[in-house]
Amino acid sequence: MTRDLMYKDVIQSLVVDAYRALDVPRGPGTRHYRDEQLATLPEGARLWALGVGNPTAWAGLRDGEMVADLGCGAGIDTLLAAAAVAPTGRAVGVDLLPEMIERARAYAAEADVGNVAFHHAEMESLPLPDDSMDVVISNGALNLSARKSRVLAEAHRVLRPGGRLCVSDLTISEEELPTQILTHPSAWAG
């Protein structure tokens, strides 16, 4: 049984504050990528890699596909997806933090990647049309949402029939941890 220990706004605030407090994280998520992938990215995109996996390695991306990256952060997976679906496909990154969207846009411009777009929005309310994406990816972000079922419903809404969802993330059983840990900012943002 799932318990709502805090309200969505409180959880979002904890996550936003934790990510805004980061200086330059030095790319802890880069360990999940091949050297050839990392070599194609601006240094900033590598330094801000905060994910827990590499969904682009498993999503089976093909030329011409439309890809949405939920919780795109500074854009590492969005940029890799854009390269994988080029020249006729497109990748769209969505993130809650305007600072991350600014970074992602800057790194896309630095890498001269034109088949991308970035939106400042919630994963629970995607600014994308119904049935518009072939693939939805997410890397270490779905766990940050207070309404995971809503994120999955939105992913389903924007996916075309036969579309694919590829998520790299963390899970934990709420029954295994006391409330004090489950409601701690580090537990939500870490």
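A protection proxy built from the mean count of other Cβ atoms within 10 Å ranks the segments 49-57, 102-110, most packed first, as 49-57, 102-110. Semi-axes of the equivalent ellipsoid of the stretch 80-119 are 18, 11, 6 Å, computed as sqrt(5λ) over the eigenvalues of the C-alpha gyration tensor in descending order.
Along the Cα-to-C-beta direction of residue 36, a point sits 7 Å from the Cα; which residues of the stretch 62-106 have their amide N less than 19 Å from that point? Under 19 Å, as judged by backbone N against the label point of residue 36, lie 62-64, 77-87 of the stretch 62-106.
Taking the convex hull of the alpha carbon positions in the stretch 8-185 and averaging its projected area over all directions gives 10.0 nm². Between helix 148-158 and the chain there is an angle of about 30 degrees, using the helix long axis and the longest principal axis of the Cα atoms. Taking the helices alone, the chain has a mean residue ellipticity at 222 nm of -9500 deg cm²/dmol, built from -39,500 (n - 2.57) per DSSP H run of at least 4 residues and averaged over all its residues. Distance between the C-alpha centres of the stretch 141-177 and the stretch 10-37: 18 Å, rounded to the whole angstrom. Taking amide H atoms as placed 1.01 Å from N in the peptide plane, the amide H of residue 118 lies under 5 Å from those of 93, each 5 or more residues away in sequence or on another chain. Amide H to amide H, with H built 1.01 Å from N, residue 66 comes under 5 Å of 90, 134, 135, counting only residues 5 or more places away or on other chains. Overall, the chain carries a charge dipole of about 140 debye about its Cα centre when +1 sits on the Cβ of Lys and Arg and -1 on the Cβ of Asp and Glu, all other atoms neutral.
With the simple spin-label model, which puts each label point 7 Å out from Cα in the Cβ direction, the residue 105 to residue 119 separation comes to 1.5 nm. Measuring nothing but how far apart in sequence close Cα pairs (under 8 Å, 6+ apart) lie, relative to its length, the chain scores a relative contact order of 24 percent.
The angle separating the long axis of helix 76-85 from the principal Cα axis of greatest extent in the chain is about 40 degrees.
Read the figures in this text as sums done on the coordinates, not as results from a lab. These numbers come from a predicted model, not from an experiment. Every residue, glycine among them, receives a Cβ derived from its backbone with ideal geometry; neighbour counts consider all protein chains shown.
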